[in-house]
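**Q** Just dropping this structure here.
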Amino acid sequence: GKSTLINIVSGVVPADSGHFLVNGQEVWFGHHQSHWNPRLARVSGIDSVHQELSLSPHLSVAENLFLSSWPTRFGAMIDRKTLHREASRMLKEVGVGVDPRVPVLQLSLGEQQLVELAKALVGEPKLLILDEATSALDDDQVQSVFRAVSRLRERGGAVLFVSHRLNEVFGISDRVAVLKDGALVGTRKSAMTTEDELVQMMVGRRLQDLFPPKAGAGGETTPTASLRGLGLGKSLHDVSFDIYPGQILGIGGLQGQGQKELLRTLFGLGKHSGAVDGTGQGVKSPQDAIRQRIAYLPGDRKTEGLLLSQGVGFNISLAAVTGLSAGTLTVSRSREGALIARMVDRLRIKAASLQASVRRLSGGNQQKVVLAKWLATGPQLYLLDDPTRGIDVGTKREIYLLLRQLANDGAAIVVTSSDTMELVGLCDRIVVLFEGRIVKELQGNEVTEEKLVRASVTGAQQQEVSA
């Protein structure tokens, strides 16, 4: 219910009942919903930054920041000098060093997210809502957000910070409120609670109980895939390891060390050097990957994983459509319907109807639809890029259980994650990348947070070899 609550506060959705006070004045809904809307919310000092960007990609950074209030001269001409000076000041406020004159489309996803924050801060909001606004940021960028938020708070502003990264919640908040199934479970002072208590409030289980038991040691098996000397431009260098059925293999390291490029290459989205499965070619294209029963779940589900304007059922059957044919260029609607029903039931997808646009689903249910799309093809190898980013803890646990069940059934799973504890709690083995090279492989009792972080930060093996 977090997104619904935020939409009510920001005037996007009218409430059905209850009371809402803004600046001490009650705002009524129902028949009087026109008294509160997004324009009035902004005028009242409420602004939001969401996980989904709302920037105009072909306009410059400066033009985006002051889109509704460009400084002018002589009443009509845009004052470019003032525009760029003020834009530079706001960019410095959020710690992003980009030229305010460049188009937004030239920026990285993390830089665009910081520009979105700067845009919200332009009007000095009295209430700033950050809705999963840090999910695409690295640690340094998150600290930049925290500094900007702290300065706003010092000036008397209030901040509503929504995040599924509990370390961020504790790093910035004074109080924490937990919602579950649309109801308030409770509130706690951040200094007086723990991650374990919050997780118990969310899912009724302790933090360590989020992850299912790992696979045993097992005997020697034939690898599902073998990489030998894999290289990709400046991103990957001499990467070699085996991927085994029945195992969950983590690709660890700081963000931007080649993890995403590795998964995309294995799915046929990058022309590489070296060998995969004993050949120099490997998977030549995504179509080739699907034929070889390889599934790829991208890091950005909204732009690469889903057709947002299409229905739940359409998205689920999309990758399996060739197996549902009833003849040349036709699809068996009965077989398709049965497949969709099985996937919705297995993943417990919550949607108003199978025809409902996936755009309207929660982030967790959208990710379930992406998983269902691939489950329908019966893959033997899953490539998952940060599969629980921006998802509530309860749905995370459902996905963890599903991945372990798939591994127990014989699938090979490769996963990256921006959450260190997720890799440690979920994976049987972890290969750590540092600047596109493997620097450490952890297995069994070696899979600990300390060893993973040490290798990720220092490139441990490179230092040991040098020594």
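**Q** How many residues, within segment 117-142, are within 15 Å of L91 (Cα to Cα) and open to solvent by less than 20 Å² (accessible area, probe 1.4 Å)?
**A** Qualifying residue count for the region: 5.
**Q** Only one residue in L347, L318, L297, L324 is in contact with a Ser or Thr (Cβ under 6 Å, 6 or more places away or on another chain), within 21 Å of Q380 (Cα to Cα) and of a type in the set (A, V, I, L, M, F, W, C). Which one?
**A** On the way: L347 fails: in contact with a Ser or Thr (Cβ under 6 Å, 6 or more places away or on another chain); L318 fails: in contact with a Ser or Thr (Cβ under 6 Å, 6 or more places away or on another chain); L297 fails: in contact with a Ser or Thr (Cβ under 6 Å, 6 or more places away or on another chain).
Answer to the selection: L324.
**Q** A further question follows. Taking segment 381-416 on its own, how many of its residues are open to solvent by 20 Å² or more (accessible area, probe 1.4 Å) and either part of a loop (DSSP other than H, G, I, E, B) or hydroxyl-bearing (S, T, Y) (or both)?
**A** Going through segment 381-416 one residue at a time, the tally reaches 4.
**Q** Go through (1) of a type outside the set (S, T, N, Q); (2) in a loop (DSSP other than H, G, I, E, B); (3) surrounded by fewer than 16 Cβ atoms within 10 Å (Cβ to Cβ); (4) at pLDDT 80 or above one by one and return the number of the condition G218 breaks.
**A** (4)
**Q** Can you tell me which residue within segment 160-181, out of those that are open to solvent by 50 Å² or more (accessible area, probe 1.4 Å) and aliphatic (A, V, I, L, M), is modelled with the lowest pLDDT?
**A** Out of the qualifying residues, it is L179.
**Q** In this structure, does L426 turn out to be within 20 Å of the chain's Cα centre (by Cα), modelled with pLDDT of 90 or more and within 15 Å of I248 (Cα to Cα)?
**A** Details: within 20 Å of the chain's Cα centre (by Cα): yes; modelled with pLDDT of 90 or more: yes; within 15 Å of I248 (Cα to Cα): yes.
The answer is yes for L426.
**Q** If you scan segment 258-278, which residues turn out to be in a loop (DSSP other than H, G, I, E, B) and modelled with pLDDT of 90 or more? Walk me through it before giving the result.
**A** If we filter segment 258-278 for residues that are in a loop (DSSP other than H, G, I, E, B), which is where we start, we get 258, 267-272, 277-278.
If the condition is that a residue be in a loop (DSSP other than H, G, I, E, B) and modelled with pLDDT of 90 or more, then G258, F267 are the ones that fit.
**Q** Given the criteria closer than 30 Å to G363 by Cβ, assigned to a loop (DSSP other than H, G, I, E, B) and modelled with pLDDT of 90 or more, does L307 qualify? Spell out how you get there, then give the answer.
**A** On the way: closer than 30 Å to G363 by Cβ: yes; assigned to a loop (DSSP other than H, G, I, E, B): yes; modelled with pLDDT of 90 or more: yes.
It is true that L307 is closer than 30 Å to G363 by Cβ, assigned to a loop (DSSP other than H, G, I, E, B) and modelled with pLDDT of 90 or more.
**Q** Can I ask one more? Could you tell me whether any residue of segment 182-198 is in contact (Cβ under 8 Å) with a residue 40 or more places away in the chain and open to solvent by 20 Å² or more (accessible area, probe 1.4 Å)? Full working, then the answer.
**A** As a first pass, look at segment 182-198 and keep what is in contact (Cβ under 8 Å) with a residue 40 or more places away in the chain: 182-183.
Among the residues that remain, those that are also open to solvent by 20 Å² or more (accessible area, probe 1.4 Å) are: 182-183.
Checking segment 182-198: at least one residue is in contact (Cβ under 8 Å) with a residue 40 or more places away in the chain and open to solvent by 20 Å² or more (accessible area, probe 1.4 Å).
**Q** Then there's this: Starting from segment 46-63, take each residue that is within 18 Å of A158 (Cβ to Cβ) and list its partners that are among the hydroxyl-bearing types (S, T, Y), counting only C-beta distances under 7 angstrom and pairs at least six apart or across chains.
**A** I46/S10; S48/S10
**Q** Cβ-Cβ under 8 Å, sequence separation 6+ or interchain: first residue in segment 265-282 and open to solvent by 60 Å² or more (accessible area, probe 1.4 Å), partner among the basic types (K, R) and modelled with pLDDT of 75 or more. Which pairs?
**A** Matching pairs, first to second residue: G278/R228.
**Q** Another question, if that's okay. Please find, within segment 114-131, the residue that is modelled with the highest pLDDT out of those that are among the acidic types (D, E) and not in a strand (DSSP E or B). Walk me through it before giving the result.
**A** Initial filter on segment 114-131 (among the acidic types (D, E)): 116, 124, 131.
After this cut, where a residue has to be not in a strand (DSSP E or B) as well, the list is 116, 124.
Details: E116: 90, E124: 87.
The extreme case among them is E116.
**Q** Could you list all residues from segment 294-327 that are open to solvent by less than 50 Å² (accessible area, probe 1.4 Å) and of a type in the set (V, I, T)?
**A** Once the filter is applied, which keeps residues that are open to solvent by less than 50 Å² (accessible area, probe 1.4 Å) and of a type in the set (V, I, T), segment 294-327 yields I294, V312, I316.
**Q** Something else about it: What is the residue count in segment 339-380 for residues that are of a type in the set (A, V, I, L, M, F, W, C) and in a helix (DSSP H, G or I)? Steps first, answer last, please.
**A** Step one: filter segment 339-380 for residues of a type in the set (A, V, I, L, M, F, W, C), giving 339-341, 343-344, 347, 349, 351-352, 354, 356, 358, 361, 369-372, 374-376.
Among the residues that remain, those that are also in a helix (DSSP H, G or I) are: 339-341, 343-344, 347, 358, 369-372, 374-375.
Number satisfying all stated conditions: 13.
**Q** Out of segment 41-51, which residues are open to solvent by 50 Å² or more (accessible area, probe 1.4 Å) and at pLDDT 85 or above? So that I can check it myself, show each step before the final result.
**A** Taking segment 41-51 and keeping what is open to solvent by 50 Å² or more (accessible area, probe 1.4 Å), we get 42-43, 50.
If the condition is that a residue be open to solvent by 50 Å² or more (accessible area, probe 1.4 Å) and at pLDDT 85 or above, then R42, V43 are the ones that fit.
The values are calculated or read from the model by the stated rules, or taken from the named source; none is laboratory data. A quick note: this is a predicted structure, and the numbers were derived from the prediction, not measured. For neighbour counting, all protein chains shown are included, and Cβ atoms are generated from backbone atoms with ideal geometry for every residue, glycine included. These area figures cover heavy atoms from the full protein model, side chains too; ligands, DNA and RNA do not enter into them. Shrake-Rupley method; radii C 1.70, N 1.55, O 1.52, S 1.80 Å.
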